[in-house]
Amino acid sequence: LFLVTPVLGDTDADARELAARQVAAASDPEEIERALWYMSYQSGGEIDYSALPLDEPMPAKTGNGERSVIASYLAGGEPTLRDVIIKRQIGNFAGLVGSPDTVAATMGEIMDEVGGDGFIIYGTVTRRAIMELTDGLGPALRRRGLIREAYSHRTFRENLLAF
C-alpha cells in the first residue's frame, strides 16, 4: 500500500496551483515547526529535530520509531532538515496532482506499472477534503474499475481477507 496525499482540484491547473501553494507553505515557520514535531514523533521520540539546525546536514540516526521513513529522508546524500521538510511535502503528492479523473488515471497507471495492493490516502481531514475524495476521486476510480462497487462480505475483516 502506498501512503499518498493527492492534490485534487476542479481542473488540473487548479490542482497544480494548490500543490505549488502547499510546497511554498512548507517554508512557513509554523509548518516547519509542525514538520519537525512530526519527524521527532516518527523517531519514536528519541530525536528532537526542533533542537537541530535547519540548514546543516540532518544527523544520520533514526531512533526506534519509523526507521524506514527516517532513513528515506537521508537517502541520496546529506540533506539539511529544511531540504527534508520540503521533500516530505513534495513526496506526499506522489505525482497525484490534478482533477479527480487525472489523479484516478495516474493511480491506475502506478498500479499497472509497479503493482501493489492500493493506496492509503491521508491528509488533513476536512469536510471539503472528504467530499473531494468521496464525490470526486472515488467515482473517477470506480468508473475505471479501480475500486469496488460494493463489498461482498458482512465484516471489514472478511472484506480485507477477500484479497
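The values are calculated or read from the model by the stated rules, or taken from the named source; none is laboratory data. Since we're looking at a predicted model, the values are computed, not measured. Using ideal geometry, Cβ is built from the backbone for each residue, glycine included, and neighbour counts are taken over all protein chains shown. Ligands, DNA and RNA are excluded from the accessible area calculation, which covers all protein heavy atoms including side chains. Shrake-Rupley method; radii C 1.70, N 1.55, O 1.52, S 1.80 Å.
Quick look at the values:
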| read-out | value |
| --- | --- |
| Tabulated pairs, the range 103-131, first over 13 Å from L141 (Cα atoms), second open to solvent by 100 Å² or more (accessible area, probe 1.4 Å) and among the hydroxyl-bearing types (S, T, Y), C-beta under 7 angstrom, 6+ apart or interchain | none |
| Residue among Y38, Y73 that alone is of a type in the set (F, W, Y), at pLDDT below 85 and under 30 Å from L8 (Cβ atoms) | Y73 |
| Hits in the range 46-70 - residues which are at pLDDT 80 or above and open to solvent by 60 Å² or more (accessible area, probe 1.4 Å) | E46, D48, S50, A51, P53, D55, E56, P57 |
| Unique match (being in a helix (DSSP H, G or I), in contact with a strand residue (DSSP E or B) (Cβ under 8 Å, 6 or more places away or on another chain) and of a type in the set (S, T, N, Q)) among T134, T106, T102 | T106 |
| Residues (touching a strand residue (DSSP E or B) at 6+ places or on another chain (Cβ under 9 Å) and of a type in the set (G, A, S)) located in the range 14-43 | A15, A19 |
| Count of residues meeting criterion [closer than 30 Å to R34 by Cα, open to solvent by less than 80 Å² (accessible area, probe 1.4 Å) and assigned to a loop (DSSP other than H, G, I, E, B)] in the range 109-131 | 3 |
